[in-house]
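One structure below.
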Amino acid sequence: MDWLELKPEGLFCAPGAFYIDPLQPVAHAVITHGHSDHARPNHAHVTATPETLAIMHLRMGEGRAGHTRRPLHYGQVISVGDVQLWLAPAGHVLGSAQVVMEYRGQRAVVSGDYKRTPDPTCAPFEVVPCDLFVTEATFGLPVFRLPNPAHEIGKLLHDVRLFPDRTHVVGCYALGKCQRLIALLRNAGYHDPLWLHGALLPMCRLYESLGIPLGELRSATVAQKAEMRGGIVLAPPSAIADRWARRLPDPVVCLASGWMHVRQRAKARGVELPLVISDHADWDALLGTCRATGAQEIWVTHGREDALIYAMGKMQLHGRALRLIGYEDEDEDVPEGDPA
Amino acid sequence: MIEFATLLERLAFTPSRTMKLALLKEYFTMAPDPDRGYALAAMAGSLSFAAAKPAMLRALAMERIDPELFALSYDYVGDLAETVALIWRPEAGQSGDVPAPSLSEVVHTLERLPKAEVPDVIRGWLDTCDASSRYALLKLITGSLRVGASARLAKTALANIASLSPDDIEEVWHGLEPPYEALFAWIEGKAPKPDAKDAPVFCPPMLAQPLENIDLTALNPTDWRAEWKWDGIRVQLVSTAQGERVYTRTAEDIGKAFPDILAIMQDLGSNVVLDGELLIVHGTTVAPFADLQQRLNRKAPTASMLRDMPAGIRLYDILFEDGEDLRSLPFDTRRQRLESWHARLNPSRMILSELIPFTHFGDLAKLRDAARSEGIEG
Ligand SMILES: [Zn+2]
Ligand SMILES: [Zn+2]
């Protein structure tokens, strides 16, 4: 597929003259979702779902989230240059989209980040048949066959009941993981107020305004220590091992991330209760999705490409690693506020 | 297996002793017999199998996964059992239909499983377990299971359930065998205290107190007895009709490392529990602690170690004699019993610890300081 090319700024669609999730400011950017390694500031023109535009606006402020913006609903087709462009749900976070492009009878799909597990806070991933599929590979190793998130929530709630005098502080990324965790807790029947670190509250309020109810949320920063005892506190991953968490009454440090699947990773983070909850496709979902698109050509953006490309070769698919420097997983140990 | 694996996982990540205790209490209360007994055995370090070698785990994994993908995964995870546990893909239709084996089913099967059948049985188990149970299972069958709780902590948890002290559990412990059903029945008030009369069990001893840490003015010297503290380790020698044991103060059985002491006790044929200091002794000279350390470091001593570093005992106290519990008797009475026992049997390589006469605690402090300069441990 020669009309999609890799440039220093990022993945470029030549006949439409736009970039997808570019790493540097460009004239026209199509953004898959609001995580800061995909949505970067100061593009001249931005096309994205209305939810992603709202998230970018909240995170970057007026002006930096694209000088002009084009909201595009899932499934709404527009022409950009000679390209037919539309967005399909990616199931990753609220507003996350796959970018679908058609040109001269060929179809290419760029997935951004995605998952196949149901998520009450966003629209489910939609398989779009295509000739070229660009996939992520965050959990691109066969050891990542992740458990059911309901099981992990059960683990947390069991621990909360077993240690009623302690405060469970759960590290979770501010966009997506936090709101999904809250929704999963509510679905599991937990309706007590949840205490939130200040860095998490604005995004939760935005989710609620976009129609995702999250129940009663309170600020942990202004709360009296004693009020939070026995409760669940949510905080950015960088805060759970920090002074901030130590001021909580008898904290039990938990972390919600796909990386918690491997013991060494959980141990290294000093986590007492690892919760294996991921917003990325696991190994089975990666392979299953690549196969389901029917694409003959698979490009792999960020993560562990080697194992995935090897496995595709065994499935007679042509895989290629796109080494896009700058994409990371939001759960990796990146200080809050940095691109992640 | 699932409950046990869940407990193991939680213990492995929890540094807090109080939380470990609560987790153990919950497990011992919820888990059925005999599973909980085998879990307790695992914590006491007495549940170990060498049913499988790493090569077998690898071979099993290769049946289900491409070698290249396995290698990439193992590189990333860094632990063989964990890699296999995570990578294992249950045969279609297996998971969910057949329940995972219980811990006791695993233990009972492994106990009498012919070697040739091991791979088939393990493959079947892996197919029915979840990832964390597979991990626990693989660690168990390769003899590398580590439990994030000591035997002492497990006993403390049991004691808490029944409002006993850990020493109460310790007192009956060595008369019991996995899966400890009599112990759990007692803890839960369903059966009397297990009778350990004939078994060579450990009895929690009186411990020495450093003089520096005690407010001596509050004590009456005539109520106290002083003896030298030797530079060895405190042990309890237990000899009954069922056998001889050498226990450390923490109830660890170190008899295998000291067959010379066991042999002396066997020769005596006396039904007795003694408290003393284990030392390396040449004639009347006590060897440096480093020599004893060498003996302690070996599971079983070599012939030359037995010849060059012979063990001996300085006796402090007698706790049982011919089934009679002497522990409630005053110390001076027990001392008389010890002296007459010693005079009667004249055991080789066992010397009475000398009582140091004193009228004021100050005398002891002076003696201690003099001894320190002469090289006796304080
Ligand atoms: Zn993302
Ligand atoms: Zn990403």
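The values are calculated or read from the model by the stated rules, or taken from the named source; none is laboratory data. Given the structure is predicted, the values throughout are model-derived calculations rather than measurements. Don't worry about glycine lacking a Cβ; one is built from the backbone with ideal geometry, like all the others, and counts go over all protein chains shown.
Looking at A:A123 and the list (1) small (G, A, S); (2) within 14 Å of ligand 2 (Cβ to nearest atom); (3) more than 17 Å from A:C290 (Cα to Cα), which single condition is not satisfied?
Only one criterion is unmet by A:A123, namely (2).
Just checking, which of B:E170, B:E177, B:E117, B:E91 is within 30 Å of B:Q242 (Cα to Cα) and surrounded by fewer than 18 Cβ atoms within 10 Å (Cβ to Cβ)?
The match here is B:E177.
Cβ-Cβ below 7 Å, separation at least six or inter-chain, first residue in region A:159-172 and over 19 Å from A:I277 (Cβ atoms) and among the basic types (K, R), second modelled with pLDDT under 95 and assigned to a loop (DSSP other than H, G, I, E, B): which pairs?
A:R166/A:D250
Every residue in region B:335-360 that is modelled with pLDDT of 85 or more, closer than 27 Å to B:N220 by Cβ and surrounded by 14 or more Cβ atoms within 10 Å (Cβ to Cβ), please.
Within region B:335-360, B:R335, B:R337, B:L338, B:E339, B:L352, B:S353 meet the criteria.
Run down A:G176, A:G230 and say which single residue is touching a helix residue (DSSP H, G or I) at 6+ places or on another chain (Cβ under 9 Å) and under 20 Å from A:A54 (Cβ atoms).
A:G176
Within region B:44-75, restricting attention to residues that are aliphatic (A, V, I, L, M) and not in a helix (DSSP H, G or I), which residue is farthest from A:L308 (Cα to Cα)?
The extreme case among them is B:A44.
Would you say B:T18 is surrounded by fewer than 13 Cβ atoms within 10 Å (Cβ to Cβ), within 14 Å of chain A (Cβ to nearest Cβ) and out of contact with any strand residue (DSSP E or B) (no Cβ under 7 Å at 6 or more places or on another chain)?
Yes, satisfied.
Is it the case that A:L214 is modelled with pLDDT of 95 or more, within 19 Å of the chain's Cα centre (by Cα) and either in a loop (DSSP other than H, G, I, E, B) or of a type in the set (G, A, S) (or both)?
yes
Could you check A:V233 against (1) closer than 30 Å to A:L217 by Cβ; (2) outside any loop (DSSP other than H, G, I, E, B); (3) within 16 Å of ligand 1 (Cβ to nearest atom) and say which number it fails?
(3)
Quick check: is even one residue across region B:113-126 at pLDDT below 90, within 30 Å of the chain's Cα centre (by Cα) and not in a helix (DSSP H, G or I)?
Among the residues of region B:113-126, at least one is at pLDDT below 90, within 30 Å of the chain's Cα centre (by Cα) and not in a helix (DSSP H, G or I), which makes the answer yes.
For the list (1) away from ligand 2 (no atom under 16 Å from the Cβ); (2) part of a loop (DSSP other than H, G, I, E, B), I need the number of the one condition that A:L87 fails.
Answer for A:L87: the failing condition is (2).
What number of residues within region B:42-81 satisfy the criterion of being touching a residue at least 24 places away in the same chain (Cβ under 8 Å) and within 13 Å of another protein chain (Cβ to nearest Cβ)?
Final tally of qualifying residues: 5.
For residues in region A:90-105 being under 17 Å from A:V30 (Cβ atoms) and within 16 Å of ligand 2 (Cβ to nearest atom), which is surrounded by the most Cβ atoms within 10 Å (Cβ to Cβ)? So that I can check it myself, show each step before the final result.
Keep residues of region A:90-105 that are under 17 Å from A:V30 (Cβ atoms), which gives A:90, A:92-93, A:95-103.
Retained after the next criterion (residues that are within 16 Å of ligand 2 (Cβ to nearest atom)): A:90, A:92-93, A:95-99.
On the way: A:A90: 29, A:H92: 28, A:V93: 29, A:G95: 28, A:S96: 33, A:A97: 29, A:Q98: 29, A:V99: 27.
Applying the filter and picking the extreme gives A:S96.
Based on this model, can you work out whether B:A61 counts as within 23 Å of B:D127 (Cβ to Cβ), crowded, with 18+ Cβ neighbours inside 10 Å, in contact with a Leu (Cβ under 8 Å, 6 or more places away or on another chain) and small (G, A, S)?
no
In the list B:D332, B:D291, B:D317, B:D363, which residue meets the criterion of being part of a helix (DSSP H, G or I) and either touching a His at 6+ places or on another chain (Cβ under 6 Å) or surrounded by 15 or more Cβ atoms within 10 Å (Cβ to Cβ) (or both)?
One residue alone meets the criteria, B:D291.
Taking the stated definitions as given, is A:D279 touching a His at 6+ places or on another chain (Cβ under 7 Å), at pLDDT 95 or above and within 30 Å of B:L80 (Cβ to Cβ)? Reasoning before the result, please.
Details: touching a His at 6+ places or on another chain (Cβ under 7 Å): yes; at pLDDT 95 or above: yes; within 30 Å of B:L80 (Cβ to Cβ): yes.
Yes: the conditions hold for A:D279.
If you take the residues in region A:1-59 that are part of a helix (DSSP H, G or I) and closer than 17 Å to A:Q84 by Cβ, which one is nearest to ligand 1 (Cβ to nearest atom)?
A:G16
Looking at A:I240, is it at pLDDT 95 or above, crowded, with 17+ Cβ neighbours inside 10 Å, closer than 30 Å to A:G112 by Cβ and more than 16 Å from ligand 2 (Cβ to nearest atom)?
On the way: at pLDDT 95 or above: no; crowded, with 17+ Cβ neighbours inside 10 Å: yes; closer than 30 Å to A:G112 by Cβ: yes; more than 16 Å from ligand 2 (Cβ to nearest atom): yes.
It is false that A:I240 is at pLDDT 95 or above, crowded, with 17+ Cβ neighbours inside 10 Å, closer than 30 Å to A:G112 by Cβ and more than 16 Å from ligand 2 (Cβ to nearest atom).
Do the conditions hold for A:G154, that is, is it surrounded by fewer than 22 Cβ atoms within 10 Å (Cβ to Cβ) and either at negative phi or free of Cβ contacts under 8 Å to residues at least 12 places away in the same chain (or both)?
Judged against the criteria, A:G154 is a match.
Would you confirm whether any residue within region A:264-275 is loosely packed, with under 15 Cβ neighbours inside 10 Å, within 14 Å of chain B (Cβ to nearest Cβ), more than 18 Å from the chain's Cα centre (by Cα) and in a loop (DSSP other than H, G, I, E, B)?
The answer is yes; a qualifying residue exists.
The rows are residues; the columns are (1) surrounded by fewer than 21 Cβ atoms within 10 Å (Cβ to Cβ); (2) away from chain B (no Cβ under 14 Å).
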site: A:R107; (1), (2): yes, yes
site: A:S111; (1), (2): no, yes
site: A:V143; (1), (2): no, no
site: A:P164; (1), (2): yes, no
site: A:G176; (1), (2): no, yes
site: A:L194; (1), (2): no, yes
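Quick check on region A:126-166: of everything there that is in a loop (DSSP other than H, G, I, E, B) and within 16 Å of ligand 2 (Cβ to nearest atom), which residue is nearest to A:H302 (Cα to Cα)?
Once the filter is applied, the top-ranked residue is A:T138.
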